[in-house]
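Contents: one structure, followed by commentary.
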Number of protein chains: 2
Amino acid sequence: MSLRMALLGVLSAYGSASGYDLTKGFERSVAHAWQAGHSQIYPELAKMTADGLVTVEAEGARGRKIYSITPEGRAELRAWLIGHDPTGPARSEIALQAFLLPLLDPGEALAVLERLKTYAERKLAELEALWAAKHASPVPEGTSGVRFGDLALDLGIRHTRTTLQWVNDAMAQLERRA
Amino acid sequence: MSLRMALLGVLSAYGSASGYDLTKGFERSVAHAWQAGHSQIYPELAKMTADGLVTVEAEGARGRKIYSITPEGRAELRAWLIGHDPTGPARSEIALQAFLLPLLDPGEALAVLERLKTYAERKLAELEALWAAKHASPVPEGTSGVRFGDLALDLGIRHTRTTLQWVNDAMAQLERRA
DNA sequence: ACCGACATGTAAACGGTTACATGATTTG
DNA sequence: CAAATCATGTAACCGTTTACATGTCGGT
């Protein structure tokens, strides 16, 4: 369902868009919350059309199909947001490596943590750059007062900061024993 | 690969175990970092046996097969921990709902955040209880000084606390505008 | 005798990734 | 005219979930 909802959301924000646009839009906007490539998006849009959640509004140049959300689509999205409990299983390779870390001797473990640190730092810089870029331009039209995607980006930044802090603390703890 | 590594890790910590034991062990110990049910574990153990990473040490009552890790298995696990960059795509339903939240009017958005808050609170309580239970008993044998799984549990707790804080801030922000 | 926990497996379906395949239009 | 970008699709594969299927052992 999540892919569907992400597509409905982005489409709803765009007003109308092609599969191609949505693929690019995913990379730019939702990427840190949900990912999908064109090979997943095109078939899904076809299924959603069959289910009446979106319609092909027009067909442009190069076989470009322009989709827009239907009232049914809007209703489904709303219902999911209001009613769906995000129970999604939290699989994280970082957490798994953290779990298994005591199997290594302290020196090796430190090296792994060093790697995780670099990774987290890079990701944090990326997300913060995205935030800065978004907030450089003045406020565009907003549904309420909060900009589309800002809440999710904020969450992502906070999570990454937490990870970074955890790595630092874990390293300090290991060094004290080494 | 991750499932394999999680299995090798748990098996390595247990010394020896059956598929059944590992399934139960997953629920108890790695659940917050990685999940797998028996229907995924049994076939994987068979493949790992074929690949020489584990061996059937003995066959007990009720067709119970007792596995243990081989030197090759240990080597693979070590190599993965030291060499594998955790690039795993971060898909999060919470982040997705956060992303889409501005599509709702403030009252509805608040209700969604309230739900997320309850969810995060329940999860935090769960993880903290797990932590308390683990640390109630005195220190068991440890590979270094850190207990198996403690680092990952700590990370999980910190992440959940961060989520909770984010929800609270988002709610306050919305209420200021409502 | 029955129930619950132990114990192992398979199959169908689903979601996601990677690779294959094709062609139109714009820009240098 | 060549290269980049636009634009859409399909197929094979892999990992995960859910459901089906079977049987054993211990306690009541």
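The values are calculated or read from the model by the stated rules, or taken from the named source; none is laboratory data. Predicted, not measured: the structure shown is a model, and the values here were computed from it. Here the Cβ is made from the backbone with ideal geometry for all residues, glycine too, and neighbour counts use every protein chain on show. Note: areas computed on protein heavy atoms with side chains; ligands, DNA, RNA excluded. Shrake-Rupley method; radii C 1.70, N 1.55, O 1.52, S 1.80 Å.
Structure values in brief
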{"read-out": "Any hit, region A:71-94, residues being away from DNA strand D (no atom under 11 Å from the Cβ), in contact (Cβ under 8 Å) with a residue 24 or more places away in the chain and of a type in the set (F, W, Y)", "value": "yes"}
{"read-out": "Residue within region A:11-18 that is within 14 Å of DNA strand C (Cβ to nearest atom), over 15 Å from the mean Cα position of the chain (by Cα), under 30 Å from A:A132 (Cβ atoms) and outside the structural domain of A:L155 (by TED's automatic domain parsing) present", "value": "yes"}
{"read-out": "Scan of region B:30-59 for residues that are hydroxyl-bearing (S, T, Y) and within 12 Å of DNA strand D (Cβ to nearest atom), ordered by number", "value": "B:S39, B:Y42"}
{"read-out": "Options A:W131, A:W80, A:W166: the member that is at the interface with chain B (Cβ under 7 Å from one of its Cβ atoms), in a helix (DSSP H, G or I) and not aliphatic (A, V, I, L, M)", "value": "A:W166"}
{"read-out": "When residues of region B:1-34 are limited to those that are touching a residue at least 12 places away in the same chain (Cβ under 8 Å) and open to solvent by 60 Å² or more (accessible area, probe 1.4 Å), the one nearest to A:L101 (Cα to Cα)", "value": "B:M1"}
{"read-out": "Selected residue (criterion: farthest from the other protein chains (Cβ to nearest Cβ)) from residues of region B:34-69 that are modelled with pLDDT under 95 and more than 8 Å from DNA strand C (Cβ to nearest atom)", "value": "B:E59"}
{"read-out": "Residue within region B:35-47 that is without any contact (Cβ under 8 Å) to a residue 12 or more places away in the chain and open to solvent by less than 40 Å² (accessible area, probe 1.4 Å) present", "value": "no"}
{"read-out": "Residue satisfying condition, being of a type outside the set (A, V, I, L, M) and at positive phi, within set B:G63, B:G107", "value": "B:G63"}
{"read-out": "Qualifying positions in region B:70-95 - buried (at least 17 other Cβ atoms within 10 Å of the Cβ) and in contact with a Gly (Cβ under 9 Å, 6 or more places away or on another chain)", "value": "B:T70, B:G73, B:L77, B:L81, B:A90, B:R91, B:S92, B:E93, B:I94, B:A95"}
